[in-house]
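Reading through the structure tokens given below for one structure.
The values are calculated or read from the model by the stated rules, or taken from the named source; none is laboratory data. Worth saying up front: this structure is predicted, and the values here are computed from it rather than measured. For neighbour counting, all protein chains shown are included, and Cβ atoms are generated from backbone atoms with ideal geometry for every residue, glycine included.
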Ligand code: B12
Ligand code: SF4
């Protein structure tokens with residue numbers, strides 16, 4: 001056996017230290033052992049990008065994932081002996097980051113923890129309050145990561161990072177630098193046999209370094225990012241206020257990367273993780289021309305758009321669906337009520353939403369008649385928005401029932417720092433999200449004063465009579481028992 005292969009196996013089997021630096025991949029404990037849902041298994045492009053840049057520049061690192069252990073006791077020995085730990089902290093991983101950093105410091109008192117990521121960008125004070133974080137990078141890290149790791153002492157404790165001008169400057173991520181699902185034998189040693197069987201299935205079906213099937217398209221799944229920032233300013237999100245604008249990755253590079261992945265590992269379908277794929281018509285037009293022509297296969301893909309731009313550019317949208325196999329269309333509908341859409345600064349109206357729904361319903365019917373796979377909505381819906389009335393919520397559920405083919409993705413509004421509304425509710429003391437509870441479970445209560453009991457009953461069907469008002473017989477039947485409850489996602 002080649003020495004390199006042997007090393008890989010050793011690493012995979014018992015987490016032996018090979019380098020002085022470790023990346024700590026963050027996520028809920030156990031997500032890469034026996035996950036609750038598919039999305040927790042997705043890989044982190046920020047970590048992947050920075051680790052690739054480091055390895056290409058001879059700064060070799062190991063990787064340990066909080067998702068690949070099931071208890072903090074298991075994490076500590078995996079961190080022993082490292083001189084430096086790096087982590088990408090988002091608000092929803094802040095509690096895990098905090099704990100992992102503390103464990104790292106207890107295990108390696110002289111070791112350094114370098115942290116960056118969205119949470120460092122939007123909540124630097126909260127990060128700075130944690131002694132275990134030695135250096136905190138706000139913003140993008142690709143242009144400073146090498147200097148930082150080589151000479152951390154030359155940076156202040158909290159500092160501004162530097163990004164590339166264009167995503168064309170990013171290297172392709174070396175996906176073998178992403179964490180693997182936990183080794184099932186290790187899982188067996190730590191869990192009941194039935195759970196170990198789940199771990200074994202996960203390991204077998206993960207398709208590492210590609211990603212697992214999640215019901216969106218055939219495995220192996222390739223996740224990619226073609227654009228970095230969405231220019232709209234919805235008050236619950238507005239990432240444009242904290243992610244600087246950056247050139248989109250050229251169409252040709254995206255296709256080349258997918259083809260290369262296909263040749264190396266096989267690709268079954270694609271998830272385009274952009275916050276907003278359906279922007280920049282010139283880029284989209286080129287995608288329509290090039291993707292069907294140059295991609296090894298016309299892989300179906302998941303990608304996000306907005307209802308108002310679907311209405312603004314219906315022909316472009318239709319061509320994308322029909323010619324590029326955009327068959328899972330994620331739209332941030334959020335609400336079916338103009339009052340709430342305004343409050344959210346969504347810049348979409350009930351009419352825009354209905355236009356997009358009618359168009360996709362119609363397109364789907366036509367494609368079924370042609371013997372083709374119809375497009376399906378991934379419909380993002382928020383409930384429990386401060387100021388929402390019962391009638392607003394009924395309208396939202398009514399809107400959902402107008403969609404003929406849909407995966408509902410429903411979440412209770414969560415006041416994330418970084419967003420205008422999040423900052424406001426945090427300042428008013430109304431946020432129930434705290435540093436040890438940024439997100440836990442889908443049905444978590446997120447904001448003071450919101451009647452979550454009502455929403456639980458709404459999703460359980462108690463108000464179906466009100467929701468169904470004005471809907472056709474067929475529309476009323478949509479959403480089988482418990483479907484909307486099951487559609488509640490972590491947020
Ligand atoms: C892809 C994505 C997902 C994916 C995959 C997540 C994953 N495993 O990585 C999925 C769909 C699962 C997801 C889910 C959620 N997401 Co999300 N997601 C994104 C998205 C669109 C892209 C992330 C990304 O890869 N960016 C590209 C990489 C290169 O950037 P990066 O990771 O930030 O890393 C850069 C810097 O931060 C920095 N950096 C990072 N680490 C380090 C470390 C060091 C040492 C240094 C120096 C620098 C540094 O350098 C990197 C390169 O520039 C972002 C929005 C965005 N445009 O970034 C939202 C975003 C991160 N998600 C967000 C949220 C809220 C969620 C959800 C809670 C629900 C929701 N509302 O969507 C869920 C929770 C998931 C869970 N498991 O619990 C928020 C986070 C807000 C915050 N304050 O942290 C964002 C910003 C979107 C938004 N505006 O609301 N998400
Ligand atoms: S919610 Fe969607 S449209 Fe609004 S700013 Fe965020 S990514 Fe853009």
- Any residue at all in the stretch 189-204 that is within 11 Å of ligand 1 (Cβ to nearest atom), modelled with pLDDT under 95 and out of contact with any strand residue (DSSP E or B) (no Cβ under 9 Å at 6 or more places or on another chain)? no
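Per-residue answers, yes or no, for (1) in contact with a helix residue (DSSP H, G or I) (Cβ under 7 Å, 6 or more places away or on another chain); (2) within 16 Å of ligand 1 (Cβ to nearest atom); (3) closer than 30 Å to residue 260 by Cβ:
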site: 293; (1), (2), (3): no, no, yes
site: 302; (1), (2), (3): no, yes, yes
site: 307; (1), (2), (3): yes, no, no
site: 317; (1), (2), (3): yes, no, yes
site: 329; (1), (2), (3): yes, yes, yes
site: 336; (1), (2), (3): yes, no, no
site: 339; (1), (2), (3): yes, no, no
site: 354; (1), (2), (3): no, no, no
site: 361; (1), (2), (3): no, no, no
Selection from the stretch 112-149 of residues away from ligand 1 (no atom under 11 Å from the Cβ) and closer than 11 Å to residue 86 by Cα yields none
Cβ pairs under 8 Å, 6+ apart or interchain, first in the stretch 235-255 and outside the structural domain of residue 294 (by TED's automatic domain parsing), second away from ligand 2 (no atom under 11 Å from the Cβ) and part of a loop (DSSP other than H, G, I, E, B), ordered by first then second residue, are none
Flagged in the stretch 44-62 as surrounded by fewer than 19 Cβ atoms within 10 Å (Cβ to Cβ) and either closer than 19 Å to residue 207 by Cβ or outside the structural domain of residue 25 (by TED's automatic domain parsing) (or both), in numbering order, are 45
(1) within 11 Å of ligand 2 (Cβ to nearest atom); (2) in contact (Cβ under 8 Å) with a residue 12 or more places away in the chain all hold for residue 314 apart from (1)
- Any chance residue 78 is in contact (Cβ under 8 Å) with a residue 40 or more places away in the chain and not assigned by TED's automatic domain parsing to the domain that holds residue 241: yes
Of all helices (runs of 4 or more DSSP H) fully inside the stretch 127-240, the set with 1 or more residues that are within 21 Å of the chain's Cα centre (by Cα) is 193-205
Within the stretch 244-260, does at least one residue satisfy the condition of being within 16 Å of ligand 2 (Cβ to nearest atom), out of contact with any strand residue (DSSP E or B) (no Cβ under 9 Å at 6 or more places or on another chain) and assigned to a loop (DSSP other than H, G, I, E, B)?
yes
Going through the stretch 263-282 in order, the residues found to be under 23 Å from residue 356 (Cα atoms) and either more than 10 Å from ligand 1 (Cβ to nearest atom) or assigned to a loop (DSSP other than H, G, I, E, B) (or both) are 270, 273, 274, 275, 276, 277, 278, 279, 280, 281, 282
Filtering the stretch 331-363 for residues that are within 26 Å of the chain's Cα centre (by Cα) and part of a helix (DSSP H, G or I) leaves a count of 9
Only one of (1) more than 6 Å from ligand 1 (Cβ to nearest atom); (2) at pLDDT below 95; (3) surrounded by 21 or more Cβ atoms within 10 Å (Cβ to Cβ) does not apply to residue 95, and that is (3)
Here the residues within the stretch 460-475 that are surrounded by 13 or more Cβ atoms within 10 Å (Cβ to Cβ) and in a helix (DSSP H, G or I) are 464, 466, 467, 475
